[in-house]
Amino acid sequence: MTDQSKYHSWLNEKRSHAWSVYENTPMPTTKSEEWRYTDLTKLLSLEHLNLQMTAGSHLKAPSREHLSETINTSGRIQFADGLISSLQLTSDIKNRGVIVDSMQNPQHEKHQEIIQANLGTVLLPPESGKFQALNAARWADGVIIYVPENVHIEMPVRGKHHFTSDKSTRCSRTLIVAEEGSQISYVEEFQSADSENAMVSSTVEIIAHKNATVDFVSVQNLGRGTFFQADQKAVVHRDATINTLNVNLGSTVTRLDLKTQLAEPGATTKMLGLYFGDQNQHFDHNTSQDHLAPHTGSDLLYKGALDGDSRATFRGVIRVHSGAQQTDAYQTNRTLLLSDKAQANSLPNLEIEADDVKCSHGSTVGQLDQEIIFYLLNRGLSPQQAERLVVLGFLGDVLERLPKGAFRRVVNSVTDTLKQKLSHG
Amino acid sequence: MPKSKQVENLGLDDDKYRFVDAESHIYRTRPGLDESVVREISQHKEEPAWMLEFRLKALSIYESKPMPAWGGDLSDLETTLKDIYFYVKPQDQTERSWSDVPDKIKTTFERLGIPEAEQKALAGVGAQYESEMVYHSLKEEWASQGVIFDSIEDGLKNHPELFREYFGTVIPIADNKFSALNSAVWSGGSFVYVPKGVNLEIPLQAYFRVNQEKMGQFERTLIIIEEGATAHYIEGCTAPVYSTDSFHSGVIEIVVKKDARFRYTTIQNWSNNMYNLVTQRAVVQANGTMEWLDGNLGSKLTMKYPSCYLMGQGAHGSIMSIAYAGTGQHQDTGGKVVHVAKNTTSSIISKSISKEDGRSSYRGLCKVHEGATGARSNVECDALLINETSRTDTYPYIEVDEKTATVGHEATVSKVGDEQLFYLKNRGLSEEEAMALIVRGFIEPIAKELPLEYAVELNRLIELEMEGSVG
């Protein structure tokens, strides 16, 4: 057997195990606490989804091209319906031993080994839930990003997903491993046309070893009719940092499960989130900040605005495990209601099993600050202009916390989409 | 410093609440629960047929509902309930005069200071021993104004129409497993009616005592405050320590009418082998005010979330709670506010202290229905952790379906600061005195709302519990 076929039989074994878990796991219902506010059967008809893998996915290798150094991107990956169609990398990435490759068809044996050592083993086993199993069985292609020790890649790698077909389930998979002292950022974007009924599942695993820094950004602007189901798990080792930003603007139903583990002393994370709902959009953000070691820090900020008859739920838990002394953990969720029919739920939870900690959370739900609106109206703005300005300021607060420079493009494109959504309202 | 040495010396476990009387009762059902037990209770109380039906219906609902999987650890409860006496009758009737109460029971309450409290300005006093109210009295000046303060059984007997109009309306049988259980086997508790415009300036007080081992106490209280009336009701709870677990599951229903004002204060100091699973709820009509003042110091596990359903325009609900969880204790407490009408307001202030391996959890709901325009709610939770092994949780549920509502929730967790301790020690306080002072300061905003003797008592209890907690 060649290495490639050995690797594929390893993958297939994992997939078929995950598939059997999927088949034996019931669909989550609102009876389960974690799904209390999201009734999938009411919102979508998932049973009509075609769960087959994209035909021939494992046969076709992506085109690999060189990316010029002049643009502020270190790598560009195009996905079509979950498959990598092209993979462009700068010479900077290639020369410094950074791996950005397809997980279905990795180019080298070394890439296979790294994937085999990390994929899905510790972080998100299929047993953790129906959709985790589905993704593990049915991911079409995925990307592995591996950064060797002490390598810093200043400009982000970008992955762009585009989905076309209706009544299908497309699963994507991302694995980021940052070795000691390294640094990388990855931005993934999801887009599709409106459809009748589709599901996009994204699973992301991030490991930052000692002193490493990973910035991860996901911008979801899928068409209506789509169920976007995202699982992200980040494990932060000694003195390392993983920052995440999740922007959810599209799809009909969004369910995000983001779990961050501060596994060793000195680990820190910033978890940012931004959502804007209109029409019948439904967002369910489920986060956890697990402090497993002393001297760790986490800071979460999720902000959203809801128009039309959209609805959002935020459920977040800070867990300070026994012995995780000198922990600083914060959590804030703020939601603006812009219409009479919009609804917001917020469940910021704390579970604290160590005494020497600084922990707090805050949550607010309310309407636009009428005093500011009044002030703007007096300055000659129309009510629409005033509302737009205040909402942009409210949500822009999240974007401002991103590192400047590297993420300028993300900030601009998200701001444009927000402006568009606001003018339709 | 050796852990808890002082506490043992002072003997909180055999302080004035923890003594045991020899078991004595004139009747009790056999341990465990089935239909015949429910029928027996109803028969003993000589109840009308509708109440027996109510009880039997509740029993079948209780049996059909699963044990809650959330909150505290209830895994041993099913077994505990098999051995529990659901009804223990200590004497024949509720006495109106203290001198008629049997000596043994009287001594118990005298040791707890109950008649003493009555002599001090209370409008009325009720005392429940095991399953029945053994004593209930109301001062003549209030009775003459139409105030009713009876045992719940006498309420049903003497005011059947009034009773039936409200009973089971605030907390339906099927509200939760334990409200169903209480509805099936309830016994004891108070029936309070304050007529329109009557201003009951001084509190009514009810005292609950469980003495029998393996006892289940299921008091049921119904309180109706008519338009423009005001009142304050205080309940205190204690029990001795046994090696087996006991069970207390009350249902408290309150109706606060238009422009009325009512405060319900609980100081719960059950022994540390008591499951305390209580459902308390008030409906508040236009411009009415309901205040819950909830102190949970004792019990093995308390699950209790006093609620305000703000049904009338401008209604206000307030919940202030203090929880103390020492070793082996879990206080799963909080509150619920449900805004149904316009311009309703609410506030929840919760403070908890966890010591040694004690665990305090805040669990709360703030719900604003669509159409409750201008509703405002604010929730603040502060948790203080004393030891490395202490635990605290915060589980708020915020559900807002109304655009013009303003809802905020904040929680902080802290330990007693080294700087604070250092400062106070430099001022000449011992470490323990400093600790007690800091903890007293922490609970002060709520303690100051208590009637003086309770505030003193609460401070004393906290001080005792804090002894030996430093080092």
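The values are calculated or read from the model by the stated rules, or taken from the named source; none is laboratory data. Predicted, not measured: the structure shown is a model, and the values here were computed from it. Note: ideal-geometry Cβ built from the backbone for every residue, glycine included; neighbour counts use all protein chains shown. Ligands, DNA and RNA are stripped out before the accessible areas are found, and what is left, the full protein with its side chains, is counted by its heavy atoms. Shrake-Rupley method; radii C 1.70, N 1.55, O 1.52, S 1.80 Å.
Computed quantities for the displayed model
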item: Chain B: translational diffusion in µm²/s, Stokes-Einstein, Kirkwood Rh over Cα pairs, 25 °C, 0.890 mPa s; result: 108 µm²/s
item: Euclidean distance between Cα centres, the range B:207-266 to the range B:391-467, Å; result: 24 Å
item: For the range A:26-39, 3J(HN,Hα) per residue [Karplus equation, 6.51 cos²θ - 1.76 cosθ + 1.60, θ = phi - 60°, Hz, x = Gly/Pro]; result: x, 4, x, 10, 5, 5, 7, 3, 6, 10, 3, 9, 10, 9
item: Two-decimal log10 I(q)/I(0) for the range A:3-367, as the Debye equation yields it once each C-alpha is a single scatterer, q = 0.06, 0.11, 0.12 Å⁻¹; result: -0.21, -0.74, -0.89
item: Lys pairs under 28 Å by Cα in the range B:101-226, provided they are eight or more residues apart or on distinct chains; result: 15
item: Shielding by partners, peptide A:336-349 (average Cβ within 10 angstrom, other chains); result: 6
item: Residue order for A:Asp309, A:Asp328, A:Asp278 - accessible surface, 1.4 angstrom probe, largest first; result: A:Asp309, A:Asp328, A:Asp278
item: The protein assembly as shown - convex hull of the alpha-carbon atoms, volume per residue in Å³; result: 187 Å³
item: Reachable lysines, given that their alpha-carbon falls under 27 Å from the alpha-carbon of A:Lys42 and they are not under 8 places away in the same chain; result: A:Lys31, A:Lys130, A:Lys167, A:Lys259, A:Lys303, A:Lys341, A:Lys421, B:Lys65, B:Lys367, B:Lys403
item: For the range A:311-404, projected area of the alpha-carbon convex hull averaged over all directions, nm²; result: 8.3 nm²
item: Mean ellipticity per residue at 222 nm, deg cm²/dmol - from DSSP H runs of n ≥ 4 across chain B, formula -39500 (n - 2.57); result: -7500 deg cm²/dmol
item: DSSP beta bridges in chain A [antiparallel fraction, %, rounded to 5]; result: 5 percent
item: Antiparallel DSSP beta bridges within the protein assembly as shown, percent to nearest 5; result: 10 percent
item: Exposed trypsin sites (Lys or Arg not before Pro) absent - longest run of chain B, DSSP non-H/G/I/E/B, at most 14 other C-beta within 10 Å; result: B:197-426
item: 5 angstrom amide H check on B:Ser246, placed H, neighbours 5+ away; result: B:Met274, B:Tyr275
item: Among A:Ser202, A:Gly297, A:Ile242 - extreme Cα towards positive end, dipole of chain A, charges at beta-carbon; result: A:Ser202
item: The range A:302-316 - phi-based ³J(HN,Hα) in whole Hz, Karplus 6.51/-1.76/1.60, Gly and Pro as x; result: 10, 10, x, 10, 10, 10, x, 10, 6, 8, 9, 10, 10, 10, x
item: Mean separation of Cα contacts under 8 Å (6+ apart) over length of chain B, as relative contact order %; result: 11 percent
item: Total formal charge among the other residues, if their Cβ is under 9 angstrom from that of B:Glu253, Lys/Arg +1 and Asp/Glu -1; result: +2
item: ³J(HN,Hα), Karplus 6.51/-1.76/1.60, whole Hz, each residue of the range B:182-199, x for Gly, Pro; result: 4, 4, 7, 10, 3, 7, x, x, 10, 10, 10, 9, 10, x, 3, x, 7, 10
item: Interchain or long-range residues, amide H under 5 Å from A:Gly277's placed H; result: A:Ala305, A:Leu306, A:Asp307
item: Heavy atoms of B:Met320: accessible area, 1.4 Å probe, square angstrom to 10; result: 20 Å²
item: Environment charge at A:Asp290 (Cβ cut-off 9 Å; Lys +1, Arg +1, Asp -1, Glu -1); result: +2
item: All-pairs Cα distance distribution in the range B:232-347, expressed in whole percent, bin size 5 Å; result: 3, 13, 22, 21, 15, 11, 8, 5, 2, 1, 0
item: Value of [θ]222 nm, deg cm²/dmol, for chain A, DSSP H segments ≥ 4, -39500 (n - 2.57) each, nearest 500; result: -6500 deg cm²/dmol
item: Residues with amide H under 5 Å from that of A:Phe228, placed H, sequence gap 5 or more; result: A:Val200, A:Thr252, A:Val253, A:Thr254, A:Arg255
item: Residue (of B:Gln205, B:Val192, B:Ile173) at the positive-pole extreme of the range B:153-212, dipole from beta-carbon charges; result: B:Ile173
item: Quotient of Cα Rg and 2.2 N^0.38 Å for the range B:329-381, N being how many residues it contains; result: 1.42
item: Violating pairs (Cα-Cα greater than 22 angstrom) within the set A:Lys6/A:Lys160; A:Lys270/B:Lys336; A:Lys6/A:Lys110; result: A:Lys6/A:Lys160; A:Lys270/B:Lys336
item: Cβ-defined net charge surrounding A:Arg238, 11 Å radius [Lys, Arg +1; Asp, Glu -1]; result: -2
item: For chain B, size of Cβ-based charge dipole, Lys and Arg +1, Asp and Glu -1, in debye; result: 720 debye
item: Within 10 Å of each Cβ in A:359-370, the average number of Cβ atoms from other chains; result: 6
